[in-house]
Each structure stands twice: as C-alpha cells, then as structure tokens.
Amino acid sequence: MKVRAALFCALFSCSWLAYAGGNELPLIPLPLKVDQHEGQLVVGAGTTIRVVSSDTAALRVAHAFSDMLARIGGPSLPVVVGAATMERTAKGVGEIVIRLDSNTTVKQAEGYVLDVSPGEARIVARDESGLYYGAVTLWQLLTANQNGKTFTAHAVHIEDWPQFAWRGLMIDSARHMQSVAEIESILDQMALHKLNTLHWHLTDDQGWRIEIKRYPELTRIGAWRAPPDAGKNGELTRYGGFYSQDEIKQVVAYAAARHITIVPELDMPGHAQAAVASYPQFGVTGERPAVSADWGINPYLYNVDDNTFQFLENVLDEVMTLFPSRYIHLGGDEAIKDQWNASPAVQAKMRAVGVKNADQLQSWFMGRLGQYLHDHGRHLIGWDEILDGGAPGDAAVMSWRGTSGIEKAIHAGHDVVVAPDPYLYLDYVQSDRDDETAGRLPVRSLQAVYDFRVAPTGLSPQQAQLILGAQANVWTEHMPSDAHLQHAIFPRLDAVSEIVWTPVGEQNWQSFLARLSTQLDRYRREDVHYADSAFAVKIDVNRQQALASGKARVTLSNQIHSGTIRYTMDGTAPDSNATVYKAPFDVTLPTTVRAVTMTNAGQALAEARERVIDDESLRKVAGNELSACPTPNVDEMRAQPTPDATSFTPVYTINNFDNCRLSRALPLDGAKSIAVDLARLPRNVALAQDAHLIVRRKAATPYGEMELRIDRCSGPALTVVPLPDSATSPSTFALQAKLPATRGMHAVCILTTTSPHDPYYGVGRLQLHTADTAPAKEHP
Ligand code: ACM
C-alpha cells in the first residue's frame, strides 16, 4: 500500500487531530517526494553501516550518522567497508548502506534518495551533502520511534532536494556571547534541520569577539564592556569575552563536518564602537569611547583614511585565513552619518574621491573592501544598506529592512539572501503570554515564521534565480544565557527549515504541527530548551462577573488554536486522563485551574499552566499584560531587570518612547486602593535620530513621579506618587495610592514623569485592594 499523506490532507483539509497519529512522517523539513510502504526497519545493536571501499565521502557520512544516533542514546553502529557478504545477508542482519552515485535519479545538488525496507536502509546521492541529508532524514525517521537503544522506521521511498542553496541562521555573538560548546550545539541542530549556513555576527558596538593577532587591543579592550549598572543589583562588573583563533578553527571544522559554511561578519563602517574603543585612531573623532553598553544605534564609525583601510585589510587577511567561505559579511547596516558629516577630514576625503554625500561615501567604502575581498577570491555580502549608494557588482545583498530590499537587489542584478525584519527576526518574542521571557515586541509567532514566503511572487525565472535563499537572525540583546538563545530559536527554527527547503506548494501548517510534536520530543531527549509558548494554555476568566457572582467563566485557548486541551481543578497535574476542554465553563471561587495542550495521542506539548481564581487574583494584573499607551511612537521590548541578568523572569515591558502603560478594563467596584510594583531599569537603548521622539513629562519632585489615570492616559492625573531616590532605594519597590469610589470596568493608566536621561520604570504588577491601604508587599 502506498500512502501520500501530505497530498491526501491537502485535498481533504485534514485537521491536526486527524494528522496526529496518522500517516504523517515525522520529518522536518518535509521531503519533496514520499511514498510509504508496508513494513519496518529495526536498527539497534547488530546493525552495521556499509559503504563501498572507494567511497570516502560515504565513509565520512557513515561515521557522522553513527555519531548522530549515538548522541541521542543509540548504539555506536560499526561502519564496515566493502560489498555485503552472502553470510551477512543470510543472517538477515539489518544494514544501512550509504553510497555516492552520479547516476542516481535525483540530480539536484544536496539531494538524495532514501529507501527504507525491512532489513535495510539505503541512501544514495550524487554529492556528499546529499548523502548527509539522506542520513539526517533516516535519523529523523528512526528517532521518532526510539526504545532505549533500538529504533524503528517505517518502510519508505523518499526523493528529496532543497529549494534554496542558502539556508541559514545568524547568531549575534557581540551583544551576548555564547560558549564554543553552545555554538557547536546550535550547529548540531542546524545540521539536523538541513540548514547549511551559519552567519556569525562577530563584531559590534558592544563587543569585538574574534582574536586578531596583529591587533591585540581589539580583544584586550574591545571584547569587554561595563554594564550600565555595573556591580549594582546583581549586575556583573564587566561583561565580555572573545573566540581565540584556535577556537574559531575548531568551530569552522565542526561546522564543515556538518555541511555548514560559516560566514563571518565584521560590521562596518558603523556598529564599530568596540573597534574604535580599541584603536581610536581608526575612528572619526580620535577620542576613545567606552565599548558600548547601549543597544540600538550608536554613532561611532570608522574613518576613511588609508591607514584605516590598511587596518581593515589586515584584519580581513586573518579572517579569510580562518574562514574558507565564499562570502565575507562586511555589515553596512545602520551607519548613521553624523560623525562623517561633522568631520572636516571625512568631507575632504569625499571631495578627493569625488562622492557627493555620505551614502555615496559608504558605497565607496564598501566597494573598496569588496574589491579587496574579490582580489582574494572572496565576495562581499552586506546588509541591504549597501544598495543605497550602489553596491559593488559582485556583492550579494542581505535584505533585512522588510522585504523591499529583495526586489531592489534583484533589479540591480545582485544575488540576495532574504533575512527580513520582522518576519525572520527571532529576537521578537514568541507570544504575548505573561510568562513569556525577554525580547522585542511585537510577537513573532511560530505560525508567522512558518507563513513567511521566501520568494516574492511575480519574479521571472531569471530573477528568482538571484534569490540564494533565506536565513533567520538571532540578535542577542535580550539573550544573555544559552537557555534564552535556545528559547528564541526553537521551535521557530523548524519553521525556518521548512520554508527554505520545502517548495511553497508543499508547505502545510497543520501537517507541520503534527510533525513538530515528534520534534519537540526529540528536543526533550537532546536537552534543548525550546519555547513551548505556541502550545501553552491561556486561562482567561471574566473578572467582573466572577467578582460579582462568585462564579467565574473560564476560557482555555492556545496560540495555535489546535491540539487537545485538558484541564483539572482538583489540584492534580493534568495528564491524558484529565477533562478535555470543549467550551467555556463556570467555576465557583476560589479554585485553581491547571491546563495543558496535548496531541490526541496524549503527548503533552507544553508545560501545564495554572491560574488561581480567587478574589485577590481577579483584582490583579501582571505588568506584561499592560499595553503601550496610545502614542504615535511605539517600540516595545520585554527587558530583564539588568541587561545581563540570566534569569527568565521577571521581565518588564517597556516602550522606548514613552514610559506609560495602560491596562484593559478592570473591575473597580469596591476597590479603595491600588498597589503598583515598579522596577527601575537602566535606559540602555541608543535611539539615534529617533531620540527626540521620547515623550518628556516634567517632574515636580526630585526623582519624578508615578501618575495614575482612569480610562485614558491624557487629562489630569487622578493620583501622583513621588518616586524614590534611585541612589538609595532598591531597584524594585511598590507604590500605593488611594482610589476614589468608582463603579464598573475601567482601564488604569500608569505613567512616570520622565526625561530622556531618566531610567525606565517597568510595571511588575497592579493589585487592586478593597481596603483603604494595601498591605505593604515586597516585589516578588
Ligand atoms: C540589522 O538588523 N541591523 C541588520
């Protein structure tokens, strides 16, 4: 019997429930052609991996496969060389055969044919990458069915190849740095998702992370920064580090063994503050700034003297020795030109080289270094600003400012890598849940990433060929730990892997979700800290009705609107026997609801979430549930208490332009006072030309005030409470205010009087009290 599950479900619109436990193969990305057959292959102790003797590529893949399986708890399968013997065949011992064959039916680069039958799996490809990806597919099939050291795969015939040649992930090691072991574990996961390019962002304003032997100050000075509140509130006194050249060689080799190319990025002419802090003579003003502790857009650029180009070329010589990649990324993004425009020397250079403005000077700058790369057999790739003054002819463009750069690059005849903000920026939070950790807003959900289409429609075949592929970008301002990094990447990387490998017409969200449940199970076995935000249950109640009647109407949901939600109210953890949620239900106060999303086979897809429903909790709102106040400029983030704090909670939602938050309508009947938990946070985001958009509210007392309003944020304040002295008070504190007798549901607006130099004030929690004065409480 042959089953084409994907096609069947495309025609008959299967729901996830129909998929789960159905015929969907546990593979991400979805292969191009799949035929399922009867029977199963069992792999365990006694299974061998066989390659023919002359096949060194196959031999490498055989060892890589054995290693992959061992890493997830499998046996170390022996690799044997030579044709199968009659004796072995007669004994019926299962084999995995890996063989290069230039005549195989799949002709595309990186493609493969995989046949699994009872007793044998056979991987055949024209190139080593193809063999490797065939091995990854077999690994995915086997690891979906693991019992100790024994694995089972369904019989199947697969023919598969990728849609795009550049399937990437960018890791920013400048804002927060990862250990070599962490980079290697990300490389492992990339390989298991058939991604082949790691773009490694190694230098920025906040740190220079690559050892350059000729210029030791780059890492002696440039690799270290003082956090804004260094030494206070548990913050480090300095943050930083760098990768030695030996470590980089190790990582490059580790990646190469997994068919991943590392493209290093040295950002220029902007995002250069750490370099200028190390060697001020290569900056514009000649002054030595500190390595920046401020995220955002800082003003420091390289100057355009010949000595600076000599420095950059010397640096590139070492970089090219370390990284064999075809492309070297020279940044080019967000170089605000204030320093160049203010510098007589730079203006003189502009006249000397015959350019009219600073954008053209940047183009000349990138062109000069692009030529240097070209002369050394490499190619420049840069962020899409390199198009602004005209990019060097052989440069590839990394389109990030939305998707407009894609067509602009194509029309100018450049190869392009699609990496758009916000679509493939994994520094945006995955959900608006109160328990979601730090990151930028708005939400970039798993489904939003999955729904992104790499190639714009309407391109001619020649134009489409200029799209090398796509990558997701992981900017790490809000990812000070491995757990934060992994939370941001997984499982959205699964969506990325499918949109760059599988043709658009074959992509199917429901099918993807069904396959993802197996992948989450692998993550648990591999100890990968994936985000369960998409599957976590949201427990909503109707506050007003509950407070008035003592009965709450409870609504359960999750972000994906799919799966089976099960819940309990008896204090036990919800398991596969718990009540299935079908519709909103009523509970009598007080109670605690615990809920979890499961596949219909009973596998939990998220940690269970709980909500206490009682009088106090119904009068409480978490700060992260508040919205930005209505204001023309909103740029929000969930910030850690200090920039390098490694804990997941608490986090505070901040609008960079306005320290003002607005609640949804709250039941004010009977509320006599309100307690507001506040956290004072460093204002460490450089807003460049946008700094004038910060809303200023004049303070009347030395440290400013917290103001409360009802219903809207404009108009006179209902209550004004002075803020405490930042030098002597703790960074988290509670303020309390009396409320006038008010009936019904009303929004509460909380703002602080601010100047652009004041700290941010994050709201941790609002608690309405029915007594005149609330009991004083420490912030949790
Ligand atoms: C970028 O996000 N600045 C490329």
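Annotation for the range 359-377: no member residue is in a loop (DSSP other than H, G, I, E, B) and touching a strand residue (DSSP E or B) at 6+ places or on another chain (Cβ under 6 Å). For Gln689, the conditions (1) surrounded by fewer than 17 Cβ atoms within 10 Å (Cβ to Cβ); (2) more than 37 Å from the chain's Cα centre (by Cα) are fulfilled apart from (2). So which residues in the range 388-406 are buried (at least 23 other Cβ atoms within 10 Å of the Cβ) and in a helix (DSSP H, G or I), if there are any at all? Across the range 388-406, the qualifying residues are Gly405, Ile406. Inspect all residues belonging to the range 258-274 and state whether any of them is in contact with a Lys or Arg (Cβ under 6 Å, 6 or more places away or on another chain), in contact (Cβ under 8 Å) with a residue 40 or more places away in the chain and not β-branched (Val, Ile, Thr). No, there is no match, as no residue in the range 258-274 is in contact with a Lys or Arg (Cβ under 6 Å, 6 or more places away or on another chain), in contact (Cβ under 8 Å) with a residue 40 or more places away in the chain and not β-branched (Val, Ile, Thr). Under the condition of being more than 30 Å from the chain's Cα centre (by Cα) and part of a strand (DSSP E or B), the residues counted in the range 745-764 number 7.
Of all residues in the range 557-579, those being of a type in the set (A, V, I, L, M, F, W, C), crowded, with 21+ Cβ neighbours inside 10 Å and under 27 Å from the mean Cα position of the chain (by Cα) number 1.
Considering the conditions (1) in contact with a Lys or Arg (Cβ under 6 Å, 6 or more places away or on another chain); (2) modelled with pLDDT under 95, Gly234 is excluded by exactly one of them, (1). Every condition in (1) out of contact with any strand residue (DSSP E or B) (no Cβ under 8 Å at 6 or more places or on another chain); (2) within 23 Å of Leu202 (Cβ to Cβ); (3) without any contact (Cβ under 8 Å) to a residue 24 or more places away in the chain; (4) within 16 Å of the ligand (Cβ to nearest atom) holds for Ile336 except the one numbered (3).
Test Glu313 against the criterion of being touching a residue at least 12 places away in the same chain (Cβ under 8 Å) and in contact with a His (Cβ under 8 Å, 6 or more places away or on another chain), and give yes or no.
No.
Scanning the range 718-730 for residues that are assigned to a loop (DSSP other than H, G, I, E, B) and under 13 Å from Tyr703 (Cα atoms) yields Leu723, Pro724, Asp725, Ser726, Ala727, Thr728, Ser729. Among the residues of the range 187-246, those that are crowded, with 21+ Cβ neighbours inside 10 Å, assigned to a loop (DSSP other than H, G, I, E, B) and of a type in the set (A, V, I, L, M) comprise Leu195, Leu202, Ile212, Ala223.
For the range 432-443, a tally of residues being within 13 Å of the chain's Cα centre (by Cα), surrounded by 21 or more Cβ atoms within 10 Å (Cβ to Cβ) and more than 16 Å from the ligand (Cβ to nearest atom) returns 2. Just a yes or no: is a residue in the range 279-287 at pLDDT 95 or above, β-branched (Val, Ile, Thr), over 30 Å from the mean Cα position of the chain (by Cα) and surrounded by fewer than 22 Cβ atoms within 10 Å (Cβ to Cβ)? Yes, the range 279-287 contains at least one residue that is at pLDDT 95 or above, β-branched (Val, Ile, Thr), over 30 Å from the mean Cα position of the chain (by Cα) and surrounded by fewer than 22 Cβ atoms within 10 Å (Cβ to Cβ).
Selection of the range 714-740 for residues being among the β-branched types (Val, Ile, Thr) and surrounded by 16 or more Cβ atoms within 10 Å (Cβ to Cβ) yields Thr719, Val721, Thr732.
Quick one: would you say Val51 is under 18 Å from Ile158 (Cβ atoms), among the β-branched types (Val, Ile, Thr), in contact (Cβ under 8 Å) with a residue 12 or more places away in the chain and buried (at least 18 other Cβ atoms within 10 Å of the Cβ)?
It is false that Val51 is under 18 Å from Ile158 (Cβ atoms), among the β-branched types (Val, Ile, Thr), in contact (Cβ under 8 Å) with a residue 12 or more places away in the chain and buried (at least 18 other Cβ atoms within 10 Å of the Cβ).
Test Asn298 against the criterion of being in a loop (DSSP other than H, G, I, E, B) and of a type in the set (S, T, N, Q), and give yes or no. Yes.
For Thr592, the conditions (1) free of Cβ contacts under 8 Å to residues at least 24 places away in the same chain; (2) under 21 Å from Gly744 (Cβ atoms); (3) touching an Asp or Glu at 6+ places or on another chain (Cβ under 8 Å) are fulfilled apart from (2). When we screen Leu485, Leu459 for residues that are in contact (Cβ under 8 Å) with a residue 12 or more places away in the chain, more than 16 Å from the ligand (Cβ to nearest atom) and not in a helix (DSSP H, G or I), the only hit is Leu459. Look through the range 464-477, keep the residues that are in contact with a helix residue (DSSP H, G or I) (Cβ under 7 Å, 6 or more places away or on another chain) and part of a loop (DSSP other than H, G, I, E, B), and return whichever of them is nearest to the ligand (Cβ to nearest atom). The residue in question is Thr476. Can you tell me how many residues in the range 291-333 are away from the ligand (no atom under 16 Å from the Cβ) and either within 22 Å of Gln360 (Cβ to Cβ) or more than 23 Å from the chain's Cα centre (by Cα) (or both)? Looking only at that region, the number is 26.
Within the range 406-458, being within 14 Å of Gln559 (Cα to Cα), aliphatic (A, V, I, L, M) and out of contact with any helix residue (DSSP H, G or I) (no Cβ under 7 Å at 6 or more places or on another chain) holds for Val429, Val443, Ala448. If you go through the range 385-408 and keep only what is within 14 Å of the ligand (Cβ to nearest atom), in contact with a His (Cβ under 9 Å, 6 or more places away or on another chain) and touching a residue at least 60 places away in the same chain (Cβ under 8 Å), you end up with just Met398. Whether any residue in the range 371-380 is among the hydrophobic types (A, V, I, L, M, F, W, C) and more than 16 Å from the ligand (Cβ to nearest atom) is what I want to check. Looking for residues that are among the hydrophobic types (A, V, I, L, M, F, W, C) and more than 16 Å from the ligand (Cβ to nearest atom), one finds at least one in the range 371-380, hence yes.
Name the residues in the range 318-354 that are in contact with a helix residue (DSSP H, G or I) (Cβ under 6 Å, 6 or more places away or on another chain), assigned to a helix (DSSP H, G or I) and closer than 26 Å to Gln245 by Cβ, would you? Scanning the range 318-354 gives a single hit, Leu322.
Taken over the range 409-423, the criterion of being crowded, with 17+ Cβ neighbours inside 10 Å and away from the ligand (no atom under 11 Å from the Cβ) is satisfied by Ala409, Ile410, His414, Asp415, Val416, Val417, Val418, Tyr423. Quick check on Arg351: is it within 14 Å of the ligand (Cβ to nearest atom), surrounded by fewer than 18 Cβ atoms within 10 Å (Cβ to Cβ) and at negative phi? It is false that Arg351 is within 14 Å of the ligand (Cβ to nearest atom), surrounded by fewer than 18 Cβ atoms within 10 Å (Cβ to Cβ) and at negative phi.
Just the residues that are under 25 Å from Thr555 (Cβ atoms) and surrounded by 21 or more Cβ atoms within 10 Å (Cβ to Cβ), please, taken from the range 627-647. Selection gives Arg638 alone.
Inside the range 49-72, residues that are at pLDDT below 95, over 19 Å from Arg258 (Cα atoms) and in contact with a strand residue (DSSP E or B) (Cβ under 7 Å, 6 or more places away or on another chain) make up a count of 2.
The values are calculated or read from the model by the stated rules, or taken from the named source; none is laboratory data. Keep in mind the model is a prediction, meaning the values are calculated, not measured. Because the Cβ atoms are built from the backbone with ideal geometry, glycine has one as well, and the counts that use them run over all protein chains shown.
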